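Heads up: the structure comes next, in structure tokens.
The values are calculated or read from the model by the stated rules, or taken from the named source; none is laboratory data. These numbers come from a predicted model, not from an experiment. Here the Cβ positions follow ideal geometry from the backbone for every residue, glycine too, while neighbour counts run over all protein chains shown.
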Amino acid sequence: MNGAAIGERNDSLFKAACQMRDKGKTQHEIQTELMSRALEDGLDLSEVNKTLVSVFKRPPREEATKQDGRKPKRPTLRNRTPVTYKTAPKGDYKLKKRRLPEPLEDGARVLLNTAFEEGENVNILIASKNEETGKFGPRGPGTTRSREWWLKKLDEGGGHLDGMANGRGVFVRINPLTIGGCVDKDVTKFRHVLVEADDLDLEEQWHLINETNLPCAAVMSSGGRSVHAWVTVNAKDAAEWGQRRKMIYDHLADYIDPNNKNPSRLSRLPNTRRGDSRQELLALNIGATSWKEWESEIEAEGIGERLDFTALAKFDTANDPATVLGNRWLCKGGSCLIVGQSGIGKSSLSMQLAINWALGRTSFGIAPKRPLKSLIIQAENDFGDVAEMVQGCLKGMQIKVGDDAFTALHENLVIMTEPVLTGEAFTVAVRHLIGAHKPDLVWIDPLLSFIGDDISRQDVCSYFFRNLLNPISFESGICWMLMHHTNKPSADPNSKSGWNAIDYSYSGTGSSELTNWARAVCFLRSTKDEGRFELALNKRGPRAKATHLEGDRTTVIHLKHSDDSILWEQIPKPVLVVKTPKEKKKRPEKTIGDMDGLIEKIIVPMKKSQVVRFAVDGGHGSYYVANKDWKKIEKRLFKNENGLFLNYDPNDQNQLSAQIKKQK
């Protein structure tokens, strides 16, 4: 695309994009290649994105093939660089008055020698009178000659061109051009961008230019109500110039004139009389030493956001203006993942929640801060399916066509079916829908229909959620409500037996990055009781402030399907029956039987092992019992001088005599 005339810009972009699409280029690649040219031609970002989305709603006119005859691989989200167009964070400058410096001498000559190189051509234009307004301004192409030719003219005029202009003012284009050239396509070096902020007074403009630290080759007064800064960008081509110009204008969007956005722009030539005042050169080479230095400074400001510690300490969390649902359960820019088995009723649940919150009503105790507008984008349900869900909700909520509530829903509920777009193309389309309808909640049903790649891969999830969805929600303040499927059931029935509530946050199919990214996670599941379901608020659940039917707080909502319509009905929490465990009968402790009889038999000295064997053989117990009760046996026996055991004391003559008599 070599630049399109006004009236043909969209058509030119469309045709170029179609040709690239037919050659197998992805939307990401086409955006990267055509965006700068389209912006330079005067299209805004939303027009460009809308045109490219329309291109990819149509299939390629013929299938592209590689030279070896193989078909190119289907484009994926993997390992992609985000589709971003370099920009800068908005600057926040305190406007003050700063006294303008004294003009530099011989300003016209100094500007030409500073801003242009030897042999380059400069376009200068003498102002002419507009007969309708009576004002002097630029008309016609001007004169483009070499810098040296103009320096000679200045010599002839005593350092200025007042003799030629006669007080009407003189313009100069900010970049060198081809001989005779005066428009953007004639620019030969994309060196400068013009910055002007004529809504401010002159001293405020001068202060702003200094505060921005822009790398300015020259700053001059217009002889009227503005100060012109020539910012050095040294771009290699028009596309890079457009990108750098956009960075400056994005950064200073609240202060400067947005119309000076072409590289052949006219500025004012210094040391020239303009009516009763003069156009003067105020400064040379101020600010950052190069574009790269300024770009690094500004990009550093755009990396994250530093949080003020004092503000954090004083913040009233109970009255956070960003709260959307519950007690900061979901805030502006947040996200909620609702996971459930296929066919369980996730779509009808999302419809019911969206309708309730669109009316400002609570759902299962979860209260919106105000009536919330919902945009539902779904891919799986046909018109009749959606109609059944809507009618079921209206019936269950006793809303009739024509009621005030029905009228409110007409305004606060937008339902879209999109069965084709995925990945980047889908997010571009969603951005347009958000801009058109300005919702609070955006429901994606189901997520797998729109991600367009392998959700089990972390790089795919990080790119889709953090690089594509996050910028949209952060810019617009919407909350993402994503309906998602579970994994296939495990063959092991005990695979989740040890799971707690947080573990169930990871029930959705795909990478754990999905759950880590989502601000809140809910899990809709069936229970062992037929017809009874649970909606578990697993992540940040207490903040939702959900309630049981009985009114007490909960993070597990008990539900069932309505008997006569597609509607979820809350039911009482189950009554827990605590079973009293049966007392286990204690087995009688095994011990030596007839201890007295055993002791009485040990009349000859024995070792311990012989005593144990004697007890077993005599039927007094097992080896285990005899060894376990050995200390009891030992206490009843005596030990002789050889360490052998017997049932009398061999040193006691009376016991010894008695034992001898027994044996006789």
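Every residue in the stretch 519-559 that is of a type in the set (D, E, K, R), in a strand (DSSP E or B) and either within 26 Å of the chain's Cα centre (by Cα) or over 24 Å from residue 329 (Cβ atoms) (or both), please. Scanning the stretch 519-559 gives a single hit, 539.
Exactly one residue out of 633, 571 is β-branched (Val, Ile, Thr), under 30 Å from residue 551 (Cα atoms) and in contact (Cβ under 8 Å) with a residue 12 or more places away in the chain: that is 571.
Against the test of being modelled with pLDDT of 95 or more and outside the structural domain of residue 616 (by TED's automatic domain parsing), the options 579, 545 yield a single qualifying residue, 545.
For the stretch 269-373, the helices (runs of 4 or more DSSP H) that sit wholly inside it and include 3 or more residues that are surrounded by 13 or more Cβ atoms within 10 Å (Cβ to Cβ), under 24 Å from the mean Cα position of the chain (by Cα) and at pLDDT below 95 are 291-301.
Pairing residues of the stretch 287-307 that are on the phi > 0 side of the Ramachandran plot with residues that are buried (at least 18 other Cβ atoms within 10 Å of the Cβ) and aliphatic (A, V, I, L, M), at Cβ distances under 7 Å and at least 6 apart in sequence or on separate chains, gives 287/214. For the stretch 411-445, the set of residues classified as in contact with a strand residue (DSSP E or B) (Cβ under 8 Å, 6 or more places away or on another chain) and within 22 Å of residue 518 (Cα to Cα) consists of 430, 433, 434, 439, 440, 441, 442, 443, 444, 445, listed by residue number. Of the residues 426, 364, the single one that is assigned by TED's automatic domain parsing to the domain that holds residue 473, on the phi > 0 side of the Ramachandran plot, in contact (Cβ under 8 Å) with a residue 24 or more places away in the chain and hydrophobic (A, V, I, L, M, F, W, C) is 364. Taking every residue in the stretch 594-610 that is acidic (Asp, Glu) and pairing it with any residue that is surrounded by 16 or more Cβ atoms within 10 Å (Cβ to Cβ), at least 6 positions away or on another chain, the pairs with Cβ-Cβ distances below 8 Å are 594/620; 600/647.
Here the stretch 233-266 is the region considered, the condition is being basic (Lys, Arg) and in a helix (DSSP H, G or I), and the residue that is surrounded by the most Cβ atoms within 10 Å (Cβ to Cβ) is 245. For residues that are among the charged types (D, E, K, R) and not in a helix (DSSP H, G or I), scanning just the stretch 40-67, find the one that is modelled with the lowest pLDDT. Applying the filter and picking the extreme gives 66. Where helices (runs of 4 or more DSSP H) sit wholly within the stretch 399-475, those with at least 3 residues that are of a type in the set (Gly, Ala, Ser) and in contact with a helix residue (DSSP H, G or I) (Cβ under 8 Å, 6 or more places away or on another chain) occupy 423-437. Filtered by the rule that a residue be in contact with a helix residue (DSSP H, G or I) (Cβ under 9 Å, 6 or more places away or on another chain) and either crowded, with 22+ Cβ neighbours inside 10 Å or within 18 Å of residue 177 (Cβ to Cβ) (or both), the stretch 94-112 gives 108, 112.
When you go through 474, 464 one by one, which is the residue that is under 13 Å from the mean Cα position of the chain (by Cα), aromatic (Phe, Trp, Tyr) and within 22 Å of residue 57 (Cβ to Cβ)? Only one candidate passes the filter, namely 464.
Of all residues in the stretch 370-390, those that are farther than 21 Å from residue 484 by Cα and in contact (Cβ under 8 Å) with a residue 40 or more places away in the chain have Cβ atoms under 9 Å from Cβ atoms of residues that are basic (Lys, Arg) and in a loop (DSSP other than H, G, I, E, B), 6 or more apart or on another chain, in 371/361; 373/438.
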